[in-house]
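Working notes for the structure below.
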Amino acid sequence: MSFFEGVELLKKDKARGKRKLSGADKREARTGLAFLSPWIIGFLLFYLLPMIASFVFSLYDFNPAVPDQAKFIGFENWQRALVIDEEVRLSFFRTIHFMAISLPITLSFTLFLAVLMNSEHVIGKNIYRTLFYMPTMIPLVAGVLVWNGVLNEQTGWINVIIERLTGIEAVGTNGLRWLADPKLVYYAYTMFGLWGVGNGMIIFLAGLQGVPTEIYEAAQIDGAGWWRRLFRITVPLITPVIFYQLVLSVIASLQYFLAPFVLNDGTGFPEGMTRFYMVYFYKQSFSFFNMGYGATLAWLMFLVALVLTAILFGTAKYWVYYASEER
Amino acid sequence: MKKLWLVLAALVIASLVLTACGGATAPEAPMEEAPAEEAPVVEETTEEEAPAEEAASGKTQVRWYVGLGAGTDEGAIPLEEAFVEVFNASQDEIELVLEIVDADNAADTLATQIAAGNPPDIVGPVGIKGRDQFKGAWLDLAPMIEANNYDLSGFDPSMVDFYLVKEEGQLGIPFGIFPSFVLFNKDLFDEAGMPYPPAEYGVPYVDADGVEHEWTIEYITELAKLMTVDGNGNDASMEDFDNENIVQFGWENLWTDWRGAGTMFGAGSLAAADGSAQMPEQWVEAIKWTYDGWWNEWYIPNGAYAGAEFLQGPGGTFSSGNMAMVQMHTWYLAPWALGEVAFDWDVAAMPSYNGVTTAKMHADTFGILKASDNSEAAFEVLTYMLSEEHATDLLTIYGGMPARLSLQDDYYGIHAETNLAGKEINWDVIAAGMAYADNPNHESWMPSYLETNDRYNETWNYFANTPDLTEEDIDAEIATLVADLQAIFDAAE
């Protein structure tokens with residue numbers, strides 16, 4: 001009996017009323033708990049306890065450089081974050097703005113790649129799958145630095161290629177300044193993300209390979225074309241995978257931090273556009289040592305992520321298809 | 001059988017818990033982070049071996065933390081270790097323990113150590129910026145200076161006052177100073193047939209026709225334009241100059257920010273005497289001059305040119321060989337920046353603005369943390385480090401000029417011999433620059449130091465990367481900046 005089956009059984013037992021556990025059941029429960037205990041202890045020590053501590057910090061004016069000067073200030077940090085500090089609102093909207101651009105592009109590109117890699121018409125699929133997956137093996141920091149060179153306005157080969165192919169003035173001071181132009185920077189950062197879609201592609205691919213081929217054959221016999229099959233069969237049947245990717249991507253977007261930090265040390269360059277919420281949180285906590293205020297910002301983001309995830313789960317019943325009709 | 005399972009499970013759990021709670025294996029660090037990985041080893045020695053050593057030798061351990069300023073590069077570490085070894089050999093009461101943390105992690109590591117109640121005793125070398133990041137954490141040395149009759153007469157009084165911080169006390173004793181000057185590429189001036197900038201303060205620039213020009217910012221602007229060249233060989237003063245094909249620039253206030261560049265126009269502070277935010281008038285002039293150099297007259301590399309390949313060198317734009325003049329400090333006169341350059345260079349006087357010359361100054365010293373348990377012993381170590389006999393050993397590692405007046409004469413020869421053997425440098429003009437040091441210092445304290453720093457750098461970067469701004473646009477941005485700084489100052493109260 002698996003753990004989940006056990007849970008189901010317990011639910012049914014509960015529904016029937018309390019059932020007295022036999023000695024064997026108790027021993028089995030104890031064994032189960034014993035096996036679970038490393039995770040439970042780890043969760044309590046390394047997640048729950050720090051979370052409680054960070055909430056307590058959020059009620060203090062606390063600078064780790066002068067811990068003896070820590071002062072209880074009640075909800076002043078919360079008031080500052082929610083009412084006074086405009087940068088909190090701005091950095092949050094920048095994060096949402098970036099998410100609105102990068103998330104649809106990244107998800108659809110990942111799905112597109114997976115569909116391509118699942119196509120029977122592509123020769124050497126395994127080689128392509130490996131090639132598309134390979135960038136995910138490169139450390140993200142190294143990848144970001146490589147892209148920084150590739151997108152350099154003076155010497156980056158993307159601008160050189162654009163200029164040579166199209167004749168558009170892409171190189172130089174008047175050219176395409178991917179990382180310095182506020183209008184382009186989110187697209188440039190999205191490009192960094194596209195480089196590492198290998199994991200997402202594999203997950204979509206697994207979903208696509210789970211779609212029964214006989215449904216396609218039946219649709220083909222009925223005269224459905226490729227696009228119709230894609231939108232009427234493939235996409236609906238892999239909505240659980242899309243949903244999974246969407247939830248993870250939303251949370252990852254809210255936590256977006258590494259690229260702007262590596263490229264600009266979190267300065268927000270250009271024009272504050274890359275001072276995303278988590279960058280601002282990091283600066284407050286670990287650069288300015290406003291640890292109490294930083295803890296407040298972390299809690300706010302936790303609450304926002306919780307609400308957004310709950311909303312996504314709330315909408316799932318309208319568009320996510322589960323063959324077993326159970327989620 | 002079930003008992004066997006239970007025993008096995010208990011063993012697995014115990015091993016997992018022990019693994020989780022035990023010291024994490026240090027991740028493989030890149031080469032340059034080696035110092036950062038060394039620190040925990042030293043700490044372990046402190047915690048685990050100290051009692052035994054204390055019992056055996058009765059020595060008090062003093063921890064010296066390096067990372068907030070110079071001293072973490074590969075070349076410096078063995079020299080610092082040798083210094084510690086010599087100190088320890090001379091002592092029977094104190095044992096000095098060196099902790100070196102990579103500069104990128106040094107501030108966070110130090111904050112964590114202080115918060116965890118495990119602070120080091122001495123921290124440094126540390127500049128004004130590093131010191132102000134830990135505002136409130138430093139010990140006022142005045143009582144110990146008095147109790148130990150420590151003689152401060154060997155220093156310029158203004159340098160002693162440099163470390164006297166309002167409401168906090170004497171946070172340091174002068175150690176190393178780094179005056180600034182004009183550093184210029186002699187080869188580029190020779191190629192252009194232009195005489196070199198003035199080699200002493202108070203003398204004019206004599207041009208190729210023998211005409212004298214007062215050495216002012218107005219004239220250095222003209223010179224910088226003449227030294228800025230495009231791919232066709234036209235300079236920035238010519239009508240045919242192609243600003244999209246520049247191959248050589250005339251001027252840059254290298255590796256500094258608004259406060260640093262602004263100080264060339266006069267010393268000032270973003271915090272007014274009443275604590276409110278302000279932008280000194282001369283710094284407004286400075287940004288307008290700089291903006292002109294970036295986008296209108298093209299003699300300073302703007303944001304778009306900053307990443308250009310022809311301006312890259314180990315010491316930034318100057319060591320690329322395609323930059324005629326920069327403002328720089330003595331810490332730059334070192335092998336890492338100028339050791340490998342394929343051109344000849346020299347130093348010159350800073351120009352004046354409205355009749356006043358200002359040569360911004362950097363200064364480093366060592367501080368003792370308030371949280372130190374061994375502040376008396378730490379002060380003894382500090383006096384050894386700053387003493388006439390031993391300060392030069394450290395200053396040679398960090399490239400600083402001695403703040404102690406008696407050591408300054410010998411310093412130039414020692415520094416040149418150690419760092420740039422065979423190179424003749426006009427030390428006189430560097431020493432003369434000390435008389436024009438900025439007061440208030442451009443790195444001096446502001447409320448919420450790093451946040452303020454971040455905010456004004458954002459505006460600075462905006463100007464560096466945005467062409468076609470009018471003077472009104474610049475004024476409006478400055479007004480917004482001052483309002484934002486005021487909000488930061490208010491929040492810091």
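Close amide-amide hydrogen proximity is noted between residue B:62 and B:95, B:96, B:97, each under 5 Å apart and 5 or more residues distant or on a separate chain (H modeled in the peptide plane; Pro and chain starts excluded).
3J(HN,Hα) along region B:329-340: 10, 5, 5, 7, 7, 9, x, 4, 9, 10, x, 10 Hz, from the Karplus curve 6.51 cos²θ - 1.76 cosθ + 1.60 with θ = phi - 60°, whole Hz, x for Gly and Pro.
Pop the C-beta distance of residue A:194 and residue B:152 into the FRET formula with R0 = 56 Å and round what comes out to the nearest 0.05. Efficiency, from the Cβ-Cβ distance: 0.35. As a length-normalised measure over Cα pairs under 8 Å and 6 or more apart, the relative contact order of chain A settles at 24 percent. Each of A:192, B:162 has some number of other Cβ atoms within 10 Å of its Cβ, and from fewest to most they run A:192, B:162.
3J(HN,Hα) along region B:431-440: 5, 5, x, 4, 5, 10, 4, 6, 9, x Hz, from the Karplus curve 6.51 cos²θ - 1.76 cosθ + 1.60 with θ = phi - 60°, whole Hz, x for Gly and Pro. Divide by every residue of chain B the summed helix terms, -39500 (n - 2.57) for each DSSP H run of at least 4, and state the resulting mean residue ellipticity at 222 nm, rounded to the nearest 500 deg cm²/dmol. That calculation yields -12500 deg cm²/dmol at 222 nm. About its Cα centre, chain B has a charge dipole of approximately 1160 debye under the convention of +1 per Lys or Arg Cβ and -1 per Asp or Glu Cβ, with nothing else charged. Panel order for B:478, A:138, B:122, by other beta carbons found within 10 Å of each beta carbon, from fewest to most: A:138, B:478, B:122.
Compute the acute angle (0 to 90°) between the alpha-carbon long axis of helix B:449-465 and the principal axis of greatest extent of the alpha-carbon atoms of chain B; round to the nearest 10°. Roughly 40 degrees, rounded to the nearest 10. If R0 equals 25 Å, the separation of the Cβ atoms of residue B:312 and residue B:439 corresponds to a calculated FRET efficiency of about 0.10.
Rounded to the nearest whole Hz, the Karplus-based 3J(HN,Hα) values (6.51 cos²θ - 1.76 cosθ + 1.60, θ = phi - 60°) of region A:56-64 follow the sequence 5, 4, 5, 9, 10, 8, 10, 10, x, with x at glycine and proline. Comparing A:175, A:23, A:272 in a Gaussian network model of chain A where C-alpha atoms under 10 Å apart are linked, the largest mean-square fluctuation is found at A:23. Cα convex hull, region B:351-493: 190 Å³ per residue, rounded to a whole number. Relative to the longest principal axis of the Cα atoms of chain B, the long axis of helix B:281-291 makes an angle of roughly 80 degrees. The angle between the Cα long axis of helix B:103-115 and the main principal axis of chain B comes to about 40°, on a 0 to 90 degree scale. Legend: ranking of residues A:250, B:206 from fewest to most surrounding C-beta atoms inside 10 Å; resulting order B:206, A:250. Considering all alpha-carbon pairs of region B:275-381, what whole percent are spaced by more than 24 angstrom? It works out to 50 percent of all Cα pairs. Less than 5 angstrom separates the built amide H of residue B:352 from those of B:216, B:217, all sequence-distant by 5 or more or on a different chain. Over 22 Å between C-alpha atoms is what I'm after, so list which of B:135/B:288; A:283/B:129; B:225/B:288; B:59/B:129; A:283/B:360; B:186/B:225 land there. Too far apart for the 22 Å limit: B:135/B:288; B:59/B:129; A:283/B:360. With the simple model of a label 7 Å out from the Cα in the direction of the Cβ, residue A:46 to residue B:390 spans 4.3 nm. Local charge for residue B:337 was computed over the other residues whose Cβ lies under 13 Å away, with Lys and Arg +1 and Asp and Glu -1, and equals -1.
With r defined as the distance between the Cβ atoms of residue B:417 and residue B:336 and R0 fixed at 25 Å, what FRET efficiency is calculated, to the nearest 0.05? It comes to 0.90.
For the pair residue B:234 and residue B:104 in one chain, pulling the backbone fully straight at 0.36 nm per residue adds 42.6 nm over the alpha carbon distance. Among residues other than residue B:229 with Cβ under 11 Å from its Cβ, the summed charge is -3 (Lys and Arg +1, Asp and Glu -1). Shielding value for B:483-492 is 2, the average number of Cβ atoms from other chains within 10 Å of each residue's Cβ.
Here region B:176-295 is described by how far its Cα atoms reach on the three principal axes: 52, 34, 28 Å, from widest to narrowest. Partner shielding of B:300-310 amounts to 4, given as the average count of beta-carbon atoms from other chains within 10 Å of each residue beta-carbon. Here, the protein assembly as shown has an Rg and a Dmax of 31.6, 108 Å when only alpha carbons are counted. Ranking B:165, B:241, B:223 by how far each Cα lies toward the positive end of the dipole of region B:156-300 (charges on Cβ) leaves B:165 at the top.
Computed over chain A with a Gaussian network model linking Cα atoms closer than 10 Å, the most mobile of A:279, A:146, A:247 is A:146. In terms of overall dimensions, the C-alpha atoms belonging to chain A reach 80, 76, 32 Å along their principal axes, ordered largest to smallest. Legend: mean number of C-beta atoms from other chains within 10 angstrom of residue C-beta atoms, peptide A:42-49, equals 1. With the simple model of a label 7 Å out from the Cα in the direction of the Cβ, residue B:167 to residue B:112 spans 3.1 nm. Take the Kirkwood radius over Cα pairs of region A:278-327, plug it into Stokes-Einstein at 25 °C and 0.890 mPa s, and you get 188 µm²/s for translational diffusion. Under a model in which nothing but the beta-carbon of Lys, Arg (+1) and Asp, Glu (-1) is charged, chain A shows a dipole of about 1140 debye around its Cα centre. Charge tally around residue A:152: other residues with Cβ under 11 Å, Lys/Arg +1 each, Asp/Glu -1 each, net -1. Legend: translational diffusion of chain B by Stokes-Einstein, Rh = Kirkwood radius over C-alpha pairs, 37 °C, 0.692 mPa s; D = 132 µm²/s.
Throughout, read-outs are computed from the coordinates displayed, never taken from laboratory work. This is a predicted model, so every value here is computed, not measured. Ideal geometry is used to build each Cβ from the backbone, glycine not excepted, and the neighbour counts take in all protein chains shown.
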